[in-house]
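Visitor: This structure is in structure tokens; I'll ask about it shortly.
The values are calculated or read from the model by the stated rules, or taken from the named source; none is laboratory data. All values derive from a computational prediction rather than experimental measurement. Ideal geometry is used to build each Cβ from the backbone, glycine not excepted, and the neighbour counts take in all protein chains shown. Remember, those area values only see protein heavy atoms, side chains included, never the ligands or the DNA or RNA. Shrake-Rupley method; radii C 1.70, N 1.55, O 1.52, S 1.80 Å.
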Amino acid sequence: MLKIWLRKILKWFFGDSYIKTKVKLRNKQKVFVIGMNKTGTTSLEYALKEQGYILGRQRTAELLLDDLIIGNYDSLINFCKTAEAFQDFPFSVPGVYKKIHEAFPNSKFILSHRDTPEQWFNSLVNFHSKIWGNGKIPTDKILKQTSYVYLGYPWKSMQFLFGNKIYDKSKYCEIYQNHISDVTKFFDSRTDQLLILNVANEDSYTKFCHFLNLVPMHSSFGWLNKT
């Protein structure tokens, strides 16, 4: 507890420079949560923070979208040098984990998932309907006129991830399932670097701690950001 408060005080006095120095001094093995959004990534983020990991700033990561669209990963790799653990966009984007692994080959990766592709899709649609569609599935027009990160960002990011036809259940579930399959195959000979995890399972928190050599602080994950 004393260390946590000391970290907060130092950050308050020295800002981001303290974070970068701290990361360098700790030399902690990096952790990347590469499950797609709405697979418990917020719960994993909280658990990592609680265990003392310094998380990458989400808004900074989201602003890397334009670089990724043109295939420029330099800014993403530089961003990964600023912290110890990362989740959500763009680490949830299929294929990005390969670039990350190439740059940080000794890192740990957590592939979060839901019970079924359909469950994940319904959760994604319900969440977007709630935050952007006033309870209804957002249209192209709504996404283009929504100011999140910047005006039209939701539309651009959805196009990047899923293609032109938004909220196409069959297409989205196919992309989701292919992501899980591709990640599993990629780490087939590196099984010690990958944890496939459903945070809703009773033993998931124990597996998470064992994977990262952490002392458990709870018996299960807190289910955050529930739709």
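Visitor: Would it be correct to say that F86 is in contact with a Phe, Trp or Tyr (Cβ under 8 Å, 6 or more places away or on another chain), closer than 21 Å to Q177 by Cβ and of a type in the set (F, W, Y)? I'd like the intermediate steps shown before the answer.
Guide: Values: in contact with a Phe, Trp or Tyr (Cβ under 8 Å, 6 or more places away or on another chain): yes; closer than 21 Å to Q177 by Cβ: no; of a type in the set (F, W, Y): yes.
No: the conditions fail for F86.
Visitor: Pull out all pairs, ordered by first then second residue, where Cβ-Cβ is under 6 Å, the residues are six or more apart or on different chains, the first lies in region 194-208 and is surrounded by 16 or more Cβ atoms within 10 Å (Cβ to Cβ), and the second is outside any helix (DSSP H, G or I) and of a type in the set (S, T, Y).
Guide: Note: pairs meeting the criteria are L197/S112; Y205/S220.
Visitor: A further question follows. Provide a single number: the residues in region 32-63 that are at negative phi and open to solvent by less than 30 Å² (accessible area, probe 1.4 Å).
Guide: Total satisfying the criteria: 17.
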